[in-house]
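Colleague: Sharing a structure here in structure tokens format.
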Ligand code: UFG
């Protein structure tokens, strides 16, 4: 059955892929995005409303004007270092504005919410792979802001029946397999796009942040998960909420860890280009290994990641990156 979904942050990296998928599956989409980091031309379907998710009057006009069957929330600030330097910005955008959105949903009777959470809620892992019951001990304001919202969601469900799914992404990467969309952050801080910019000659070199970690090659290990697979998980979460089943929190990762050096080697193979590497000091707050135990998403949501090979993730990101001017 076709539904109407409000995608907050639908002009951003993951949100824009979600909008395209929802439209492909026959759903109507409205995007709310302030375009502070998103791109108007990344909204391939539906209607774009340019505005701030913390603007209650705007939300009242939007949610009061038509019926929405769910809200998906991708609009957040996501840089760990910035969150340490400017915590208020993170609590304002990621927590306070999200609360305004949730209050507006309650006021207008929208009862299903899918939230973009993060592996950063776990902090420095006590065990790897990390399952959802691992202690939540975020080590920076970014991670705390996401965990605060997850806790708010549990309270709002208990008190008001607002049903939600929180999806804890590990390292979102890759690009639309059809080549229409990709990652465009400014500044870019994520490893795969930086490596590919170096491959494309748009960046002189890539710096490896730390070569003395307790891992097989001394560099950090991450669980890279394809953006298209993330979006499929969101759709399954929505369908679960619409079917009346309980929500909850789910990890989204492939369960495979790759080191920074392995990512660079894969990028060399995929692109056939030379990639200059510098070795630098550790970046503050980076755990040595973050790998997901995503069994819950597989078993409960029925999630089956299709693009779980790092080659595929890098190849799709490269198709996007190399097509850019
Ligand atoms: N790295 C480098 N050089 C770079 C950039 C990154 O060596 O120029 C390394 C990092 O140290 C890390 C790995 O590559 O070991 C991946 O770094 P990213 O910045 O791409 O991703 P993170 O693992 O730091 O961050 C991701 C999300 C964040 C989120 C975090 C924790 O992008 O939004 O996971 O959930 F906060």
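No value in this document is a laboratory result; all are computed from the given coordinates. Fair warning: this is a prediction, and the values are worked out from it, not measured in the lab. All Cβ positions, even for glycine, are placed from backbone atoms using ideal geometry, and neighbour counts span all protein chains on display.
Colleague: In a Debye calculation with equal point scatterers on the alpha-carbon sites of the stretch 153-234 and no solvent, what is log10 I(q)/I(0) at q = 0.11, 0.17 Å⁻¹?
Modeller: Reported log10 I(q)/I(0), two decimals: -0.48, -0.88.
Colleague: Here is a further query. Report, in cubic angstrom per residue, the convex hull volume of the C-alpha atoms of the stretch 233-324. Kindly include the intermediate steps, with their values, before the conclusion.
Modeller: Numbers: hull volume 13.3 nm³, N = 92.
That works out to 144 Å³ per residue.
Colleague: Ok, one more. Quick check: the distance between the Cα centres of the stretch 230-244 and the stretch 20-63, to the nearest angstrom?
Modeller: The stretch 230-244 and the stretch 20-63 have Cα centres separated by 19 Å.
Colleague: Quick one: P(r) of the chain from all Cα-Cα pairs, 10 Å bins, percents rounded to integers, in order of increasing distance.
Modeller: Over the chain, the share of Cα pairs per 10 Å bin runs 6, 27, 37, 23, 7, 1 percent.
Colleague: Computed over the Cα atoms of the stretch 234-280, what is the ratio Rg over Rh, Rh following Kirkwood?
Modeller: For the stretch 234-280, the value is 1.31.
Colleague: Sticking with this structure for a sec: For the residues 212, 223, what sequence is obtained by ranking on other C-beta atoms within 10 Å, fewest first? Kindly include the intermediate steps, with their values, before the conclusion.
Modeller: On the way: 212 11, 223 27.
So the residues, fewest neighbours to most, are 212, 223.
Colleague: Right, something else. When a footprinting reagent is the concern and you count Cβ atoms within 10 Å, what order do 259, 322, 166, 37 take, fewest first?
Modeller: Details: 259 20, 322 13, 166 25, 37 17.
Lowest to highest Cβ neighbour count: 322, 37, 259, 166.
Colleague: Across 5 Å bins from the origin, how do the percents of Cα pairs in the stretch 98-219 run, short distances first?
Modeller: Computed distribution, short to long bins: 2, 8, 14, 15, 16, 15, 13, 8, 5, 3, 1.
Colleague: Continuing with this model, one more query. With contacts defined as alpha carbon pairs under 8 Å and 6 or more residues apart, what's the relative contact order of the stretch 78-236 in percent?
Modeller: Details: 172 pairs, mean separation 36.0, N = 159.
This gives 23 percent for the stretch 78-236.
Colleague: Using the Kirkwood radius built from alpha carbon pairs, what does the Stokes-Einstein equation give as D for the stretch 270-311 at 10 °C and 1.306 mPa s, in µm² per second?
Modeller: For these conditions, the coefficient is 109 µm²/s.
Colleague: How large are Rg and Dmax for the stretch 100-141 when calculated on the C-alpha trace, in angstrom?
Modeller: Cα-based Rg and Dmax for the stretch 100-141 come out at 14.8, 42 Å.
Colleague: Within the chain, what percent of beta bridges assigned by DSSP are antiparallel, to the nearest 5? Could you put the intermediate results ahead of the total?
Modeller: Values: 2 of 40 bridges.
Here the share of antiparallel DSSP bridges comes out near 5 percent.
Colleague: Could you check what % of the DSSP bridge pairs in the stretch 164-318 are antiparallel, to the nearest 5? Could you put the intermediate results ahead of the total?
Modeller: Values: 2 of 16 bridges.
Expressed as a percentage, antiparallel bridges in the stretch 164-318 total about 10.
Colleague: Scale the Cα Rg of the stretch 1-148 by the rule-of-thumb value 2.2 N^0.38 Å and send over the ratio, two decimals.
Modeller: Working: Rg = 15.8 Å, N = 148, 2.2 N^0.38 = 14.7 Å.
Rounded to two decimals, the normalised Rg is 1.08.
Colleague: Which ordering of 18, 105, 1 is given by a fewest-first count of other beta-carbon atoms within 10 Å? The partial results should precede the final answer.
Modeller: Working: 18 28, 105 24, 1 6.
Going from sparsest to densest Cβ surroundings: 1, 105, 18.
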